[in-house]
Structures are given as C-alpha cells and as structure tokens.
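A.B. asks: Structure incoming, see below.
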Amino acid sequence: MSQPTIESILQEDRLFPPSSEFSSQAHIKSLDEYKKLSEAAQADPEGFWSKLAETELHWFEKWDQVLDWSNPPFAKWFVNGKINLSYNCIDRHLETRSDKPAIIWEGEPGDARIITYKQLHTEVCKFANVLKSQGVKTGDRVGIYMPMIPEAAIAMLACARIGAAHSVVFGGFSAEALRDRLVDADAKVVVTADGGWRKDKIVPLKPAVDAALDAPNVPVTTVITVKRTAQDITMAEGRDHWWHDLMDAASDDCPAPALDSEQMLFVLYTSGSTGKPKGVVHTTGGYNLYAHMTCKWIFDLKEDDVYWCGADIGWITGHTYVVYGALSNGATTVMYEGAPRPSNPGAFWDVIEKYKVTIFYTAPTAIRAFIKMGDEHPNARDLSSLRMLGTVGEPINPEAWMWYHKVIGKEKCPIVDTWWQTETGGVMITPLPGATPTKPGSATLPFPGIQADIVDLEGNSVGPNDGGFLAVRHPWPGMMRTVYNNPERFRKTYWEHIPPKDGKYIYFAGDGARRDADGYFWVMGRVDDVINTAGHRLGTMEIESALVSHPAVAEAAVVGKPDDLKGEEVVAFITLEGDQAQDDALIKELKAHVVSEIGAIARPGEIRFADALPKTRSGKIMRRLLRSLAAGQEIAGDTSTLEDRSVLEKLRGEGS
Ligand code: WTA
C-alpha cells in the first residue's frame, strides 16, 4: 500500500462555534476545558481513564492494574476488575429511574412500545434465564439476527448479563453470510424473528436462519424466534422455540454476576480488504467505560434527553450508541425499525415530533436521502425539541452538513461529525458540542485521551495539510482486543502495517486523512480496498468471491464509484467463462446472485463485461485504474506496471 493518492480538494473555512446558550449548560463547556482535559489525559492516560472508571461505573471489585500493555498489541484494561455491563445499563438505575423509559420503540408500520428501566430489567433477567435454560454459559457465543425491535436489545443485554458473547449479524445479510459468521464464531444459539419490516416489505429472517443452518458444519443447536410479522414459518422440532413460550416459563430472578473486566462481550464481523470478514472482539470493562464516556460527552446526555441514534443494531453504531452507551448513562434511547423511504418521506420527522427527540444521530447517506425527498417533509413537522445532531459512517459533504444544520437543526443545534470504526468501539475524533467550533466536513479533534495522529508508513507525523494515514499512538479502553480466532490477523492488519519502533506500537486505521493548521482532522476515506456504500463497509474481495462463485464468471474485480446518495456504489468488472452471452439477463442474474450470497447492501449498481482485467505483472488487479474508469475519469498516474496495455484500451472503449 502506498501513500494515499487521494488529495483533499475540499476548501472549507466556514466555522460554527457553539452558542453560549448550549455551552453554558453542556458537560464540557469550552474549548479551553476540552484542551485541559486532553492535556491531562495525554500526560497520564491511565490516571485519566481510571478516575472516570471509578466515578462513572459500578464495579463489584476494583482492578489491580489500569492497563496491561506488556504484550502489545494485546491490551488488557482494568485487570482483574469485576463488572457487569448489564448491571451498569439497568440495575444501577432502578433506584432512581425505574419508571423512566429506557427504550422508546417505533415499528415501521406505526406500532409502538415504551419499555421502562424496571420492565427492561424484568425482560433481560428473564431472557438471561432462557439462555441459561438452553445451556448457554459464560464464554459461549450467541448469534443475533433480528430486526430493530426491543427484543434485539434485550437479547444483547441478556448475553452481557451472563457473560456470553453476542454476535449480531445485520438482518440484511443473506443466509450464506449469516452461516459464515455463525460458523466462524462457533455459535450454539441463534436468536431471530419470523421477519422484520423494511421499506414496506416483510424481510423474512427465520427462513434465512433455516437456510443458514442447513449445512453440516453449522454448530447451532437452538433457535429462538420472536413473532414480529406473523407470516408462516416452519419450526424444527427440538431445535426451534418461540421467544414468547420460553419467556412465559422463565423466572425474572437473575442477579448480575461479577464478570471479569476482560470477559469477551461481543464479536462483530466487519469487512477487511482481503479474505473473509473479521470477527472484531470487544470485552466488558474498557468497552463499557468508553461507550459510557463518549456517549455522555459527545451527545451531552442529560436526564431529560430523548436520544435517538438511527443505526441498526447489526452495526457497531447500534451496539455502542443505541444500546450500551445510552443505557449505561440511564438515558431514554429511541429504537426505530424503519429506513428512510420515499413511500413515507416524513417518517423520521414524525418520530422526532411524536417523542420530542432532543438528540438525533444518523449517517450522511441517510441525510442525502432526506435531502432528495424534499425539505417540505421536515418543514411540516415540529422539530423544536432537537438540541443537537450527529453524523457517522463516512465523510459528510459540506453541503449535506449545511442542509442538516439549516433544515433540521434550524441553525441552533451543534452538529457532531464523529469518526470511528467497529474496531475502536466508540467515537475517536469528534467535536464536543458545547466546546468545539465546527467546520462542515471535518470530524475536528480527538476525544480526550485519544492520541490520534496522521503519519507516513514509517510512523512519522506528517505536516499540516499533508495527506497521510490516520493512526492512534496509545491504547484506549474501547479498542478491539483481537480478531476472533485469529490473533495474527489482528497484529498484522492493525499494528504492523506501520512497523513498531522501539517497542512502540501504532494503530493503523486504514483511512487517509489530513490535519489542517488548527489541528482539525479531515478524513478522506479508506486507503484499502474497502467500499463504503450507504455507510456500510464492504470488502471488494467478498463481492468478488460472490461473483466468481457464479458458474458464468471467470474473474471479477469490484470497485467503488462516487455516488450522490450512497457515497459509493459498487461497480463490478467481469470476465466470463467460455463464450457466454454478455446480455442484460446475465447482468440481472449476477446482481441477484450477489444479493443471495451477501445481501442487498452489496448489490452492484453496475456490471461491466471485459475480455480481460488490468493486472500488474505480479498478477494483482489494478483497481486504481478500474476506479477511474468506473468514475468516467481519465486514467492518471503510473500505468507502467500494467502487464498488457491493450486491456486498458479495450476497457476504456467500453466505458465511454
Ligand atoms: C468511515 C462505523 C469519515 C471510515 C462507526 C472508517 C468515517 C469506517 C466517519 C468505519 C466520519 C466512519 N468521517 N469517515 N465521521 N465515520 N467513517 O467499522 O472510513 O462500519 O474507517 O464503523 O467508516 O466503518 P465501521
């Protein structure tokens, strides 16, 4: 991998300081206060985190060491501390918040439920007992393949309660993708629903589980199904149970055990540039602290807030900011089943108006979809309850930022553009809403305690405005601990890309970025072969493998092409076996094939046939050239390593 060739052409010097009204009531009230916190954390990271761990969380037993970094890159935080995340998210709030809504849920068809902390406690205790009755023990893995319904959060919290690691698989993934993840995580139990609502249709989930389990190597012995959409499904005797039957029979008495701080909390699969998806492992104590502090300071959470993070629980944002960070703070968290959709263009604004949402956090791709559907929809609703906004998932175009600021925030809500990753557990680079003046398109400054930097491949900091690699120089509590069952991959992917010097390890994030003269970070995008489409990370390798598994396809190369709505769209270049007809029917079939292998999120927007793919002499596909072709740009840069230049000429002819 070379230095990122992406050059930032963005010229953005608008500056939006928080209003004094917002700052005066905020947890962190000024840039000065932020700087003091950051300097203290830089001088003594362990002191900084341990003080917060002591004051903000409940521990059954205190740790003997804050950070064990004696075997880098494998970190341990709060060593020998005893904690329970479900206790911190529920039990400790019962004394003062038992009747406060913990979860406000709205289904896509308009059905709704409000679950108080007391009710959440009962449901989570019961489901923890259900899991135990199905033989689940501390250390086991449980698959969760569910729509956005409260039972998804209840299942996650029940796993956390008994120290079983959950592995949530996004409900939009296909049976094949689900199977791979269940096998890799060696899950015994899967929790699912008959179906979920998405864009006015029922997404059948249980049938996908049945298909995923229909292979000899799948370790799952028990499936627990929530009745949500009530279509006909089949139940396998002995293996399948209804959620409501098991819950009816379960006791609600399940005291939270004291678990080790490093007890595995969850595995969440994410795409890498090569090979199969990686099972990112997070553990209990450090993750709890990091989710808690970032949620509290970045969203300025207060007792009366109605906080809505619009992410699906299948992604890390749903884990950290729909469920754990919000509940650990005793907040009211909104869960919404629906996606932005033209058939109901006011749906999101209705939810804000109905529940008087005060904090709204979503992705740039959703914002662009809202812009397209028209200002009249938000303008027709009362959005005056909103006091701050956030975005996550990809760089936000300044114009989308300005729309969010004006049309949704009415020019009074601070916007936090939060940069982070599945691997980082929580937000790493972000404004603090009462402290940081924002610039549209910049994630601004590192969270206190995060030693973020922009470096070259030797690990040297680059100068102001120079492009480089986003990196982190010191461990933080929310960091991933390993790749499930593959510690070598963890070491290589994240910690040896920049070779450690004098025993100092640097975390390599895989994003290109620059820092301006004010120290603000501008993230430019991935430097590896990962496509970010509609805020979802997809490895080119996974989509290529799916295409090549079709009998007509000889070879496939997949690249991202800039797209107004999704950020990037998947474009596939294909060579065919024998003399297949290169026609529309085959294109349709190949797109459907990718959907069934991976899921609709990976469906190529465009498929182009080629006689051959451009390769280097060592046989590596030159995706850089294909990216330019897909975007309709001139091929710039070096093509001297190309093995056969005529391939390029032909492709160029086709593309124009
Ligand atoms: C990208 C999502 C620019 C980035 C939480 C990162 C962003 C990848 C931002 C992680 C942002 C996320 N600005 N780019 N505010 N937030 N990204 O693991 O490329 O699904 O590496 O985590 O999304 O995606 P993931």
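The values are calculated or read from the model by the stated rules, or taken from the named source; none is laboratory data. The shown structure was predicted, so the numbers you read here are calculated from the model rather than taken from an experiment. Heads up, the Cβs are rebuilt from the backbone with ideal geometry, glycines too, and the neighbour counts pull from every protein chain shown. Surface accessibility is based on the protein's heavy atoms, side chains included, excluding ligands, DNA and RNA. Shrake-Rupley method; radii C 1.70, N 1.55, O 1.52, S 1.80 Å.
A.B. asks: Residue check, K206 against (1) under 25 Å from the mean Cα position of the chain (by Cα); (2) over 21 Å from P150 (Cβ atoms), all met but one. Which one?
C.D. replies: Failing condition for K206: (2).
A.B. asks: Something else now. List the number of the failed condition for V472; all other conditions in (1) touching a residue at least 60 places away in the same chain (Cβ under 8 Å); (2) open to solvent by less than 50 Å² (accessible area, probe 1.4 Å) hold.
C.D. replies: Of the numbered conditions (1) touching a residue at least 60 places away in the same chain (Cβ under 8 Å); (2) open to solvent by less than 50 Å² (accessible area, probe 1.4 Å), the odd one out for V472 is (1).
A.B. asks: Also: Which fully enclosed strands (runs of 3 or more DSSP E) of region 240-286 have 3 or more residues being more than 16 Å from the ligand (Cβ to nearest atom), more than 25 Å from the chain's Cα centre (by Cα) and modelled with pLDDT of 95 or more?
C.D. replies: Answer list for region 240-286: 240-242.
A.B. asks: Give A177, A250 a once-over and let me know the one that is small (G, A, S) and more than 26 Å from A546 (Cβ to Cβ).
C.D. replies: The conditions single out A250.
A.B. asks: Can you give me the number of residues within region 397-409 that are open to solvent by less than 10 Å² (accessible area, probe 1.4 Å) and within 14 Å of the ligand (Cβ to nearest atom)?
C.D. replies: Residues that pass the stated criteria total 3.
A.B. asks: Right, here's the next one. Only one of A556, A513 is more than 16 Å from the ligand (Cβ to nearest atom) and surrounded by 17 or more Cβ atoms within 10 Å (Cβ to Cβ); which?
C.D. replies: So the residue among A556, A513 that is more than 16 Å from the ligand (Cβ to nearest atom) and surrounded by 17 or more Cβ atoms within 10 Å (Cβ to Cβ) is A556.
A.B. asks: Only residues that are more than 19 Å from the chain's Cα centre (by Cα), within 16 Å of the ligand (Cβ to nearest atom) and not aromatic (F, W, Y): list them for region 516-535, please.
C.D. replies: Result: D516, single match.
A.B. asks: From the list I6, I28, I90, which one is at pLDDT below 95, within 27 Å of the chain's Cα centre (by Cα) and hydrophobic (A, V, I, L, M, F, W, C)?
C.D. replies: I6 is the lone residue from the list that is at pLDDT below 95, within 27 Å of the chain's Cα centre (by Cα) and hydrophobic (A, V, I, L, M, F, W, C).
A.B. asks: Report, by residue number, each residue of region 574-597 that is assigned to a helix (DSSP H, G or I), more than 14 Å from V548 (Cβ to Cβ) and touching a strand residue (DSSP E or B) at 6+ places or on another chain (Cβ under 6 Å).
C.D. replies: I587
A.B. asks: Does D456 count as more than 24 Å from the chain's Cα centre (by Cα), among the acidic types (D, E), closer than 16 Å to Y507 by Cα and more than 10 Å from the ligand (Cβ to nearest atom)?
C.D. replies: For D456, the condition - more than 24 Å from the chain's Cα centre (by Cα), among the acidic types (D, E), closer than 16 Å to Y507 by Cα and more than 10 Å from the ligand (Cβ to nearest atom) - is met.
A.B. asks: For region 395-417, what are the residues that are touching a Gly at 6+ places or on another chain (Cβ under 9 Å) and at positive phi?
C.D. replies: Residues satisfying the conditions do not exist here.
A.B. asks: Okay, next question. For region 309-338, how many residues are within 16 Å of the ligand (Cβ to nearest atom), of a type in the set (G, A, S) and under 23 Å from N84 (Cα atoms)?
C.D. replies: Total satisfying the criteria: 4.
A.B. asks: Scan region 560-570 and give yes if some residue there is over 27 Å from G535 (Cα atoms), touching a Ser or Thr at 6+ places or on another chain (Cβ under 9 Å) and open to solvent by 40 Å² or more (accessible area, probe 1.4 Å), otherwise no.
C.D. replies: No, region 560-570 has no match at all.
A.B. asks: Taking the options V306, V322, name whichever one is closer than 17 Å to G390 by Cα and either surrounded by fewer than 23 Cβ atoms within 10 Å (Cβ to Cβ) or free of Cβ contacts under 8 Å to residues at least 12 places away in the same chain (or both).
C.D. replies: Step by step, each of V306, V322 is checked, and only V306 is closer than 17 Å to G390 by Cα and either surrounded by fewer than 23 Cβ atoms within 10 Å (Cβ to Cβ) or free of Cβ contacts under 8 Å to residues at least 12 places away in the same chain (or both).
A.B. asks: Then there's this: Against the condition within 23 Å of P398 (Cα to Cα) and in contact (Cβ under 8 Å) with a residue 24 or more places away in the chain, how does G467 come out, does it pass?
C.D. replies: Against the criterion (within 23 Å of P398 (Cα to Cα) and in contact (Cβ under 8 Å) with a residue 24 or more places away in the chain), G467 qualifies.
A.B. asks: Of all residues in region 410-437, count the ones that are away from the ligand (no atom under 12 Å from the Cβ) and either assigned to a helix (DSSP H, G or I) or buried (at least 21 other Cβ atoms within 10 Å of the Cβ) (or both).
C.D. replies: 7
A.B. asks: Of all residues being modelled with pLDDT of 95 or more and open to solvent by less than 10 Å² (accessible area, probe 1.4 Å) in region 381-396, which is farthest from the ligand (Cβ to nearest atom)? Just the residue, please.
C.D. replies: So the residue we want is L383.
A.B. asks: Applying the selection to region 379-395, what residues are over 19 Å from G567 (Cβ atoms) and not in a loop (DSSP other than H, G, I, E, B)?
C.D. replies: Of everything in region 379-395, those that are over 19 Å from G567 (Cβ atoms) and not in a loop (DSSP other than H, G, I, E, B) turn out to be N379, M388.
A.B. asks: Inspect all residues belonging to region 71-86 and state whether any of them is exposed (fewer than 15 other Cβ atoms within 10 Å of the Cβ) and free of Cβ contacts under 8 Å to residues at least 24 places away in the same chain.
C.D. replies: yes
A.B. asks: Answer with yes or no whether D466 is surrounded by fewer than 23 Cβ atoms within 10 Å (Cβ to Cβ) and assigned to a strand (DSSP E or B).
C.D. replies: no
A.B. asks: How many residues does region 20-36 hold that are of a type in the set (G, A, S), open to solvent by less than 20 Å² (accessible area, probe 1.4 Å) and part of a helix (DSSP H, G or I)?
C.D. replies: Of the residues in that region, 1 qualify.
A.B. asks: Test E458 against the stated conditions and say whether it is out of contact with any helix residue (DSSP H, G or I) (no Cβ under 8 Å at 6 or more places or on another chain), among the acidic types (D, E) and outside any loop (DSSP other than H, G, I, E, B).
C.D. replies: Against the criterion (out of contact with any helix residue (DSSP H, G or I) (no Cβ under 8 Å at 6 or more places or on another chain), among the acidic types (D, E) and outside any loop (DSSP other than H, G, I, E, B)), E458 does not qualify.
A.B. asks: Could I ask something else about it? Among the residues of region 143-199, which ones are modelled with pLDDT of 95 or more, in contact with a Ser or Thr (Cβ under 7 Å, 6 or more places away or on another chain) and among the polar types (S, T, N, Q)?
C.D. replies: Of everything in region 143-199, just one residue is modelled with pLDDT of 95 or more, in contact with a Ser or Thr (Cβ under 7 Å, 6 or more places away or on another chain) and among the polar types (S, T, N, Q), namely T192.
A.B. asks: May I ask you to list pairs of residues, at least six apart or on different chains, whose Cβ atoms are under 8 Å apart, with the first in region 135-160 being hydroxyl-bearing (S, T, Y) and the second being part of a helix (DSSP H, G or I)?
C.D. replies: Every condition considered, the pairs that remain are T138/I162; Y145/L178; Y145/A208; Y145/V209.
A.B. asks: Exactly one of (1) at pLDDT below 90; (2) in contact with a helix residue (DSSP H, G or I) (Cβ under 8 Å, 6 or more places away or on another chain); (3) of a type in the set (S, T, N, Q) is unmet by T575. Its number?
C.D. replies: (2)
A.B. asks: Do we have M373 as more than 16 Å from the ligand (Cβ to nearest atom) and open to solvent by 10 Å² or more (accessible area, probe 1.4 Å) here?
C.D. replies: yes
A.B. asks: Oh, and also: For region 232-265, give me the residue count where each residue is over 21 Å from V124 (Cβ atoms) and either free of Cβ contacts under 8 Å to residues at least 60 places away in the same chain or open to solvent by 60 Å² or more (accessible area, probe 1.4 Å) (or both).
C.D. replies: 9
A.B. asks: Could you look through region 110-167, keep only residues that are part of a helix (DSSP H, G or I) and among the charged types (D, E, K, R), and pick out the one that is least open to solvent (accessible area, probe 1.4 Å)?
C.D. replies: Out of the qualifying residues, it is R161.
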